[in-house]
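Asks: Once you've had a glance at the structure underneath, I'll fire off some questions.
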Amino acid sequence: MTSWKNVNLNLRLPMNHLTRRTFLQQTALIGATAAFSARSWAQVAGANGDLRVAVVGLNGRGKSHLGSLAKIKGVRLVAICDADTAVLERTKENLDASVRTYVDLRELLAATDIDAITIATPNHLHSLLAIWACQAGKDVYVEKPVSHNVWEGRQLVAAAAKYGRVVQAGTQIRSGDGLREAVAWTQAGNLGKITAARGFCYKARPSIGKTSGPQPVPASVNYDLWSGPAPKAELHRKRLHYDWHWDYLTGNGDVGNQGIHQMDVARWFLGETGLPRHTLSIGGRLGYEDDGNTPNTQVVIHDYATAPLIFEVRGLPSKAGAAVAAATGDEAGAEAANAAAGAEKTRGKGKRGGNPMDSYRGVGVGNVIDCEGGYVATSNYFTATAYDKAGQVVKEFRGTDGHMQNFVDVVRSRKLADLRGPILEGHLSSALCHLGNISHQLGRAVPPDVLREKISGNAPLAEAYGRMVEHLAANNVDLRQTAATLGVALTVEAKAERFTGPDAAAANAMLRRADRAPFTVPQLA
């Protein structure tokens with residue numbers, strides 16, 4: 001990376017009637033449950049017995065969890081949990097009558113007949129619920145990103161170690177044999193040295209609408225449980241579910257929604273095992289005004305010793321007037337569509353699910369790994385293609401998703417080295433999302449000519465920004481009228497997972513959230 005200096009710039013969920021005495025009694029019960037589960041694995045499930053699993057969070061990815069678990073021999077769904085009773089009841093209709101339902105996670109964690117849980121709640125609950133599950137003696141599959149902020153992700157890594165639990169991050173691309181082979185082949189130097197690892201999320205994200213005031217929370221939702229450690233804030237968007245992705249209180253924007261996958265793959269190819277030396281974001285919520293506050297257009301660059309890691313978000317279509325529908329209201333469907341759409345890609349401009357979206361060398365959602373002798377492109381989750389400098393195919397890699405199966409296998413074997421998505425890797429790649437968002441949130445709107453000048457010494461960033469400007473112009477976005485945000489150039493002390501330099505105080509304050517009691521992430525590291 002060049003010229004960074006030139007860039008100026010309790011163990012149980014609460015109920016309303018819960019008394020302190022009752023809370024402590026119930027906390028003690030979970031402690032006993034943890035000891036029982038950790039101590040009695042062989043008796044509870046055994047090498048040949050059913051693995052008894054509960055799924056927590058039933059929209060989006062939770063549906064995929066149910067489908068994946070149903071296909072694995074020796075797995076029995078015991079319970080489901082969701083803070084929305086309407087979602088809970090709708091899901092229950094399609095399951096065996098023996099499956100129990102829970103609104104309150106604390107009751108589920110106290111159950112002695114559950115060996116493992118999978119978590120597919122909104123992002124702001126991921127780390128906390130996973131830590132509670134570890135403390136209750138349950139093994140955990142937790143969706144991406146594994147955290148809502150850097151600090152709590154590190155506490156989850158510590159919890160897995162302290163309580164001896166299997167914790168799989170939902171970065172399922174790592175279980176695809178095709179991508180695993182592509183990474184090893186590239187790292188062996190078959191295309192020469194890696195010069196840049198790029199990730200892309202060119203996925204349709206139309207406006208979520210603009211409300212005029214607080215909206216009613218659906219009557220079926222226990223909003224206290226749904227909010228968890230986040231502020232129990234007024235609802236200022238039309239839809240509670242899914243659109244939480246675009247509110248920093250609960251989500252992390254597309255950097256943390258889709259970008260976690262692509263930055264994880266990019267870091268995997270680079271072989272980097274920690275955080276970068278520097279981070280910078282450029283972007284904004286451009287092309288419309290709505291109730292979202294996360295960028296729909298963004299470039300994040302992480303400065304690694306091996307090569308720069310560059311991630312791009314584009315939620316607008318390839319040009320103004322293109323009829324673009326939302327990618328989906330269901331992220332499980334979005335990820336399935338993404339995998340299918342990869343086969344329909346052509347090099348150059350492409351379509352995603354019928355939507356006219358931009359692409360980079362044929363990739364709309366995926367990765368391009370630039371090397372001295374060519375590049376590797378991934379346009380779906382489990383395949384990759386290597387090209388030489390003339391654009392001719394050198395080698396193809398194919399695989400399928402075996403991530404949930406891998407989790408189940410390791411829960412049974414207890415061989416943590418076999419885990420394809422270990423929680424440490426999930427934490428590090430989730431942290432990349434958070435670093436980019438911190439840079440953005442501390443930044444300020446800058447006129448385009450001034451912005452271009454400020455980043456002119458950083459060639460990879462300037463190139464990506466130039467393409468972003470062209471994309472916005474095609475959507476009639478005038479950056480002279482609605483300026484993009486130039487984030488703060490952050491210097492990272494990778495080992496300590498903290499910032500140094502002139503903006504360190506403000507940036508370090510954003511590494512951790514002030515949790516809403518009693519939904520407090522315990523300090524374990």
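The values are calculated or read from the model by the stated rules, or taken from the named source; none is laboratory data. Just so it is clear, the structure is predicted and the values come from calculations on it, not from any experiment. For neighbour counting, all protein chains shown are included, and Cβ atoms are generated from backbone atoms with ideal geometry for every residue, glycine included.
Asks: How many of the residues making up the stretch 375-402 are surrounded by fewer than 22 Cβ atoms within 10 Å (Cβ to Cβ), modelled with pLDDT of 95 or more and either within 19 Å of residue 310 (Cβ to Cβ) or among the β-branched types (Val, Ile, Thr) (or both)?
Replies: Total meeting the criteria: 5.
Asks: Would you confirm whether any residue within the stretch 98-116 is surrounded by fewer than 24 Cβ atoms within 10 Å (Cβ to Cβ), more than 19 Å from residue 65 (Cβ to Cβ) and among the aromatic types (Phe, Trp, Tyr)?
Replies: No, there is no match, as no residue in the stretch 98-116 is surrounded by fewer than 24 Cβ atoms within 10 Å (Cβ to Cβ), more than 19 Å from residue 65 (Cβ to Cβ) and among the aromatic types (Phe, Trp, Tyr).
Asks: If residue 71 meets every condition in (1) surrounded by 14 or more Cβ atoms within 10 Å (Cβ to Cβ); (2) modelled with pLDDT of 95 or more apart from one, which number is that one?
Replies: (1)
Asks: Ok, one more. Those residues that are touching an Asp or Glu at 6+ places or on another chain (Cβ under 7 Å), among the small types (Gly, Ala, Ser) and within 29 Å of residue 246 (Cα to Cα), I need them from the stretch 83-138; list them, please.
Replies: Those that are touching an Asp or Glu at 6+ places or on another chain (Cβ under 7 Å), among the small types (Gly, Ala, Ser) and within 29 Å of residue 246 (Cα to Cα): 120, 127.
Here is a yes/no grid of residues against (1) modelled with pLDDT under 95; (2) under 20 Å from residue 230 (Cβ atoms); (3) of a type outside the set (D, E, K, R):
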site: 66; (1), (2), (3): no, no, yes
site: 113; (1), (2), (3): no, no, no
site: 127; (1), (2), (3): no, yes, yes
site: 132; (1), (2), (3): no, yes, yes
site: 142; (1), (2), (3): no, yes, yes
site: 150; (1), (2), (3): no, yes, yes
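Asks: Is it the case that some residue within the stretch 177-199 is assigned by TED's automatic domain parsing to the domain that holds residue 89, acidic (Asp, Glu), out of contact with any Gly (no Cβ under 7 Å at 6 or more places or on another chain) and not in a strand (DSSP E or B)?
Replies: Checked against the condition, which is being assigned by TED's automatic domain parsing to the domain that holds residue 89, acidic (Asp, Glu), out of contact with any Gly (no Cβ under 7 Å at 6 or more places or on another chain) and not in a strand (DSSP E or B), the stretch 177-199 yields no hits at all.
Asks: Please go through the stretch 272-321 and pick out each residue that is at pLDDT below 95 and on the phi > 0 side of the Ramachandran plot.
Replies: 321, the sole residue that qualifies.
Asks: Checking the conditions here, which among 253, 153 is closer than 20 Å to residue 105 by Cβ, in contact with a His (Cβ under 8 Å, 6 or more places away or on another chain) and of a type outside the set (Ser, Thr, Tyr)? Give the derivation first.
Replies: Working: 253 fails: closer than 20 Å to residue 105 by Cβ.
It is 153.
Asks: Which of the residues spanning the stretch 483-508 are outside any strand (DSSP E or B), among the aliphatic types (A, V, I, L, M) and in contact with a strand residue (DSSP E or B) (Cβ under 7 Å, 6 or more places away or on another chain)?
Replies: Residues satisfying the conditions are 483, 484, 489, 507.
Asks: Looking at the stretch 58-69, I want the residues that are of a type in the set (Lys, Arg) and have a partner that is in a helix (DSSP H, G or I) with Cβ atoms under 9 Å, at least 6 apart or on another chain. Which pairs are those?
Replies: Filtered contacts from the stretch 58-69: 61/331; 61/332; 61/335; 63/91; 63/332; 63/333.
Asks: Which condition number does residue 335 fail, the rest of (1) at pLDDT below 95; (2) in contact with a Gly (Cβ under 7 Å, 6 or more places away or on another chain) being met?
Replies: (2)
Asks: Among all residue pairs at least 6 apart or on different chains, which show Cβ distances below 6 Å where the first residue, located in the stretch 233-259, is at positive phi and the second is of a type outside the set (A, V, I, L, M, F, W, C)?
Replies: 242/329; 253/294; 253/295
Asks: Of the residues 106, 90, 52, only one is of a type outside the set (A, V, I, L, M, F, W, C), modelled with pLDDT of 90 or more, over 27 Å from residue 402 (Cα atoms) and touching a helix residue (DSSP H, G or I) at 6+ places or on another chain (Cβ under 8 Å); which?
Replies: Among 106, 90, 52, only 106 is of a type outside the set (A, V, I, L, M, F, W, C), modelled with pLDDT of 90 or more, over 27 Å from residue 402 (Cα atoms) and touching a helix residue (DSSP H, G or I) at 6+ places or on another chain (Cβ under 8 Å).
Asks: Which of (1) within 24 Å of residue 367 (Cα to Cα); (2) outside any strand (DSSP E or B) does residue 168 not meet, given it meets every other one?
Replies: (2)
Asks: Another question, then. So which pairs qualify, if the first residue must be in the stretch 76-97 and farther than 20 Å from residue 111 by Cβ, the second must be at pLDDT 95 or above and part of a strand (DSSP E or B), the Cβ gap must be under 6 Å, and the two must be at least 6 apart or on different chains?
Replies: 84/221
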